[in-house]
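One structure is given here, and the rest of the page talks about it.
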Amino acid sequence: MKFLNTITVLTLSRNLAFAVFLGLALAACDSEVSNTEEDVVALTFSSQADAGASAFATNCAACHGANLEGTTLGPILSGFNFLQRWGSQTPTLLLGNIKANMPPGGAGTLTDDDYLDIVAHLLEANGVDAVVNALTASTDFVISENISSVVQRQQRAEPPAPQGVTVAGNVDDFVPFVPITDAMLENPDPADWPMHRRNYYAHSYSPLDEINTDNVGSLSLEWVWNMHEGDSEPAPLVYNGIIYLINPGNVVQALDGKSGELIWENWAGPANRQDMRNIAIYDDKIIQATTDARLIALDARTGEQVWETIVADSSKGFSNSSGPIVADGKVILGLAGCARYIPEDCYISAYDANNGELKWQFETIAEMGQPGGDTWGGLDDVFRAGGETWITGSYDPDLKLTYWGTAQQKPWVPVSRHMTIFDVGLYTNSTVAVNTDSGELDWYFQHVPAEALDLDEVFERVLVNRGDDKLVFSLGKYGILWKNDRVSGQFKGYTETVFQNAFTNINAETGEVTYRQDIQNAQLNEWTSACPSSAGGKDWHSMTYHEPSGTMIAPLSQTCLENAAREVALVQGGGGLAASRKFFEMPGTDGNLGKVGAYNVDTMEEVWSHQQRASLHTGTISTAGDLVFVGDLDRRFKALDVHTGEVLWQTRLGTAVQGHPVSFAIDGKQYIAVTSANGGTSPRTVPSVIATEIKYPSRGNAIYVFSLPE
Amino acid sequence: MKLGHKAFSLFFTTILLFTSIAQAQTETYRARLSPMPTTPQTVSTILGEGEVILTLNGNTLTVQGQFEGMSSVATMAHIHNGPPAQPGPVVYQLEIADATSGEVSASLELSDIHVEALRANELYVQIHSETNAPGELRGWIFERQ
């Protein structure tokens, strides 16, 4: 530890003060500097904080709120949330994070001193009151140890955040619980929605048809349940009439689907406000990934924890925002937060569903000396970053292959990562087909090599059988719908679902893409304009495959961006995202940000589209009632005719409709459920910069359940 | 899009006029004007919207449009040459009211190259204002549906 010129003035209790003082004295043999410096320079922590307040107001408040309270554009930076995230870290780490990533719209004229001032302001506003000396780029005290109220609280025995089962109950009291088998997951009961996107092929299709094009006009609200607040993009599970619902902050609830009654609730921690998209069910267990990269199994009847395992070290930045898929008794999970320059890389990993024991790991980044390891421009392994798998994959039980998309290299722009457009960086921005028994790579197809605009191809892989053809479809941020053979990976075709001008050519035979010249050559601080924007042609909102009509129906987004690469130093622990961006409407769309596009999977032609001003914030689902359901930022939840795209029904919810709709049946009666939610990155930030007239409350996470009147 | 009632009927008669005079020889194009690329920091200072209708008869391009709600008064308006979402150089000057809302118009003789550019969606309208000298409103020109 080095306490360069940080002197902590202690208004704390004596014992603690003494202990800290001793620690300082021991550790700070070379800290004489600070005393002498103090005489020369008048700069203090509080003068920095004063200057930082105005720099924050100008550069950050638009998204994080004038009082750090957070807005729909950026998270809260104060109180519990801030301390949870940053309390145990140092000003240097906070400074590094902010400099690398904030503001996302462009560093503008912010200098290193401005950033230091802003950090001082953030600390002071969060109660740091035991610091006098000015911060420097290497100030490394533990933030929470300099907040007297926190130190006092830690000395008192405060009730901790909820942990474990907070509401006790038993599913058996509502409906006898039947363990769910592999066979049931391979061929789900029409009444169930037992996994993210309902089946292993990720079709997001319900075979229920009681609600159909004739009667959907009278769909009515059955019940609504408010969820915990925080970032949320949830995909509920429904099994045997019970809804298992992932809430922000790693809270899982079981609700009776018929009555909306809460049966049990479990807090796995950390009790934050972060997003987790989905959970899984297997045998008699609900399996949950946490935002700090753990994996937990709960008893599906009671919510009691059965086992827990650590997926990756969250103190190194690893995290999860999507949950697992359970294939053949193995819990298969991706990993996110892999943008840092550290020796560890991202992986897909598999665990025994019975006890959480690790079965295998597949690293998504090829290291030096491994196959594909020569595609990183000779960069040292430490500096190979990215390749996150932040969206849950799919599974073919016959081929025993699990299909995942991988994210792009980090930082975003080749020049920022000290590479060229020819350093493709395997296995980023690819489809990877991994053997579920061995964890070995069966094949890969890299959709966009050497990605240059923060447009990843990470989203769901939808498996489709047409005649003898076994296909896999994917649709990434470039808005290109890709068709590959899922046995061999061979390219089979593509279609552009929204306007894109990033590629001047896409080879019709091989699928090979050629970037526009100015994107290939983009230099630091040079602005490049391209479509779609980082909100994607498509983002995390999954598409649906309507098998009866052979159409893929996708929720799409039409915005563009100007992007400027920023310098990222190649130092351990550095890395990050590093680009500045501005956003605008996609030319030729008449200001319609939202588009539901339907594509024939044989011809790859667009069958219809529904376009609207408000951006879409749910996945699409389709049903045997020939309906497509989708929700938007303007609080509208809509039912469209799967053959024409005509809007047959719509209603308005409390806030933005966000998440993944589901359909299920209880006692033969069909229900449609959808969540309203807030939070999220580019898909929320970009529309709120462009379609500023759309207003919605910043609270209101909830699940709404609809049915036909008796 | 909120366009004033007056503006709307004016543009409607304009269209009627042109269709009756020029019939099949004319091609009608349209640009939706919306704010230049913004960030959350600039979104409250780059404002407004509008619509420009452009009619091509031979090489003569008649430009007639409205804009409203800019953050400060308009200073200049141009047609630029660049494919969709890729900024490019100024190729023609338009007449514009020095107000935050008003009309933009011109009658231009296009070169053959620019007629081709028009048909290839490679022209766009850009309006500059006092506080947004690099441009406040912009819209690519597409054939009118």
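The values are calculated or read from the model by the stated rules, or taken from the named source; none is laboratory data. Note that this is a predicted model, so its numbers are computed, not measured. With ideal geometry, Cβ positions are generated from the backbone for all residues, glycine too; neighbour counts draw on all protein chains shown. In case anyone asks, the SASA skips ligands and DNA or RNA and just uses the protein heavy atoms, side chains included. Shrake-Rupley method; radii C 1.70, N 1.55, O 1.52, S 1.80 Å.
Name the one entry in A:Thr402, A:Thr392 that is part of a strand (DSSP E or B) and assigned by TED's automatic domain parsing to the domain that holds A:Ser534.
A:Thr402
Would you pick out the residues in the range A:424-438 that are part of a loop (DSSP other than H, G, I, E, B) and crowded, with 20+ Cβ neighbours inside 10 Å?
So in the range A:424-438, the residues part of a loop (DSSP other than H, G, I, E, B) come out as A:424-429, A:436-438.
Answer for the range A:424-438, where residues must be part of a loop (DSSP other than H, G, I, E, B) and crowded, with 20+ Cβ neighbours inside 10 Å: A:Val424, A:Gly425, A:Leu426, A:Tyr427, A:Thr428, A:Asn429, A:Thr436.
Every residue in the range A:486-506 that is among the polar types (S, T, N, Q) and either part of a loop (DSSP other than H, G, I, E, B) or in contact with a helix residue (DSSP H, G or I) (Cβ under 8 Å, 6 or more places away or on another chain) (or both), please.
Selection gives A:Ser488, A:Gln490, A:Thr497, A:Gln500, A:Asn501, A:Thr504.
For a quick check of your reading: which strands (runs of 3 or more DSSP E) sit entirely within the range A:626-710 and have at least 1 residues that are more than 27 Å from A:Val607 (Cβ to Cβ) and either free of Cβ contacts under 8 Å to residues at least 24 places away in the same chain or more than 14 Å from chain B (Cβ to nearest Cβ) (or both)?
A:647-652, A:662-666, A:669-676, A:702-707
Within the group A:Ile180, A:Ile118, which residue is within 30 Å of A:Asn101 (Cα to Cα) and outside the structural domain of A:Leu463 (by TED's automatic domain parsing)?
Answer to the selection: A:Ile118.
For the range A:460-480, what are the residues that are open to solvent by less than 10 Å² (accessible area, probe 1.4 Å) and more than 19 Å from A:Ser534 (Cβ to Cβ)?
Scanning the range A:460-480 gives A:Arg461, A:Val462, A:Leu463, A:Val464, A:Leu471, A:Val472, A:Phe473.
Just one of the numbered conditions (1) more than 28 Å from the chain's Cα centre (by Cα); (2) in contact (Cβ under 8 Å) with a residue 12 or more places away in the chain is not true of A:Ala183; which one?
(2)
Could you name every one of the strands (runs of 3 or more DSSP E) located completely within the range A:302-376 that has at least 3 residues being open to solvent by less than 30 Å² (accessible area, probe 1.4 Å) and touching a residue at least 12 places away in the same chain (Cβ under 8 Å)? Walk me through it before giving the result.
Numbers: elements: A:305-310, A:325-327, A:330-333, A:347-352, A:358-363.
Where strands (runs of 3 or more DSSP E) fall fully within the range A:302-376 and carry at least 3 residues being open to solvent by less than 30 Å² (accessible area, probe 1.4 Å) and touching a residue at least 12 places away in the same chain (Cβ under 8 Å), they are A:325-327, A:330-333, A:347-352.
Residue by residue, here is whether (1) within 14 Å of chain B (Cβ to nearest Cβ); (2) in a loop (DSSP other than H, G, I, E, B) holds:
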position: A:Ala62; (1), (2): yes, no
position: A:Ile76; (1), (2): no, yes
position: A:Phe80; (1), (2): no, no
position: A:Thr92; (1), (2): no, no
position: A:Leu95; (1), (2): no, no
position: A:Ala100; (1), (2): no, no
position: A:Arg153; (1), (2): no, no
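If you go through the range A:279-295, how many residues are part of a strand (DSSP E or B), in contact (Cβ under 8 Å) with a residue 40 or more places away in the chain and under 30 Å from A:Leu93 (Cα atoms)?
Of the residues in the range A:279-295, the ones part of a strand (DSSP E or B) are A:280-283, A:285-289, A:294-295.
Then keep just the ones that are in contact (Cβ under 8 Å) with a residue 40 or more places away in the chain; that gives A:280-283, A:285-289, A:295.
Subsequent filtering for residues that are under 30 Å from A:Leu93 (Cα atoms) retains A:288-289, A:295.
Here the count works out to 3.
Can we say A:Leu135 is open to solvent by less than 40 Å² (accessible area, probe 1.4 Å) and in a loop (DSSP other than H, G, I, E, B)?
Criteria met by A:Leu135.
Looking only at the range A:548-567, how many residues end up being open to solvent by less than 10 Å² (accessible area, probe 1.4 Å), more than 14 Å from chain B (Cβ to nearest Cβ) and modelled with pLDDT under 95?
Counting residues in the range A:548-567 that are open to solvent by less than 10 Å² (accessible area, probe 1.4 Å), more than 14 Å from chain B (Cβ to nearest Cβ) and modelled with pLDDT under 95 gives 1.
Run A:Leu453 past the list (1) over 17 Å from A:Thr514 (Cα atoms); (2) in a loop (DSSP other than H, G, I, E, B); (3) under 20 Å from the mean Cα position of the chain (by Cα) and report the number of the one that doesn't hold.
Result: A:Leu453 passes all but (1).
Report whether or not A:Val178 is over 22 Å from A:Pro709 (Cβ atoms), part of a loop (DSSP other than H, G, I, E, B) and of a type in the set (Val, Ile, Thr).
Here the answer is yes, as A:Val178 does meet what is asked.
Just to be sure, is A:Ser676 surrounded by 20 or more Cβ atoms within 10 Å (Cβ to Cβ) and within 27 Å of B:Gln41 (Cβ to Cβ)?
no
Being in contact with a helix residue (DSSP H, G or I) (Cβ under 9 Å, 6 or more places away or on another chain) and in a loop (DSSP other than H, G, I, E, B) is the filter here, so list the residues in the range A:65-74 that pass it.
Those that are in contact with a helix residue (DSSP H, G or I) (Cβ under 9 Å, 6 or more places away or on another chain) and in a loop (DSSP other than H, G, I, E, B): A:Ala66, A:Asn67, A:Leu68, A:Glu69, A:Gly70, A:Thr72, A:Leu73.
If you scan the range A:509-532, which residues turn out to be in contact with a strand residue (DSSP E or B) (Cβ under 8 Å, 6 or more places away or on another chain) and assigned to a loop (DSSP other than H, G, I, E, B)?
A:Glu509, A:Thr510, A:Gly511, A:Glu512, A:Arg516, A:Ala522, A:Gln523, A:Asn525, A:Glu526, A:Cys531, A:Pro532 - these are the residues of the range A:509-532 that are in contact with a strand residue (DSSP E or B) (Cβ under 8 Å, 6 or more places away or on another chain) and assigned to a loop (DSSP other than H, G, I, E, B).
Hand me the list of strands (runs of 3 or more DSSP E) wholly inside the range B:55-145 holding 2 or more residues that are open to solvent by 30 Å² or more (accessible area, probe 1.4 Å), away from chain A (no Cβ under 14 Å) and under 25 Å from B:Gln25 (Cα atoms). Talk me through it step by step, then tell me what you get.
Values: elements: B:60-68, B:74-81, B:90-96, B:102-109, B:123-129, B:137-143.
By residue number, B:60-68, B:90-96, B:102-109.
Being at pLDDT 90 or above, within 31 Å of the chain's Cα centre (by Cα) and under 25 Å from A:Ala42 (Cα atoms) is the requirement here; does A:Ala125 meet it?
Against the criterion (at pLDDT 90 or above, within 31 Å of the chain's Cα centre (by Cα) and under 25 Å from A:Ala42 (Cα atoms)), A:Ala125 qualifies.
Given the structure, is B:Thr45 open to solvent by 20 Å² or more (accessible area, probe 1.4 Å), more than 18 Å from B:Arg119 (Cα to Cα), of a type in the set (S, T, N, Q) and in contact with a strand residue (DSSP E or B) (Cβ under 9 Å, 6 or more places away or on another chain)?
Against the criterion (open to solvent by 20 Å² or more (accessible area, probe 1.4 Å), more than 18 Å from B:Arg119 (Cα to Cα), of a type in the set (S, T, N, Q) and in contact with a strand residue (DSSP E or B) (Cβ under 9 Å, 6 or more places away or on another chain)), B:Thr45 qualifies.
Each row is one residue, and each column tells you yes or no for (1) open to solvent by 30 Å² or more (accessible area, probe 1.4 Å); (2) more than 30 Å from A:Gly393 (Cβ to Cβ); (3) assigned by TED's automatic domain parsing to the domain that holds A:Asp284; (4) polar (S, T, N, Q).
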{"position": "A:Gly164", "(1), (2), (3), (4)": "no, no, no, no"}
{"position": "A:Val167", "(1), (2), (3), (4)": "yes, yes, no, no"}
{"position": "A:Val171", "(1), (2), (3), (4)": "no, no, no, no"}
{"position": "A:Pro176", "(1), (2), (3), (4)": "yes, yes, no, no"}
{"position": "A:Pro194", "(1), (2), (3), (4)": "no, no, yes, no"}
{"position": "A:His203", "(1), (2), (3), (4)": "no, no, yes, no"}
{"position": "A:Ser206", "(1), (2), (3), (4)": "no, no, yes, yes"}
{"position": "A:Glu210", "(1), (2), (3), (4)": "yes, yes, yes, no"}
{"position": "A:Gly217", "(1), (2), (3), (4)": "yes, yes, yes, no"}
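Regarding the range A:688-702, can at least one residue be identified that is at pLDDT 95 or above and under 30 Å from A:Pro207 (Cα atoms)?
The answer is yes; a qualifying residue exists.
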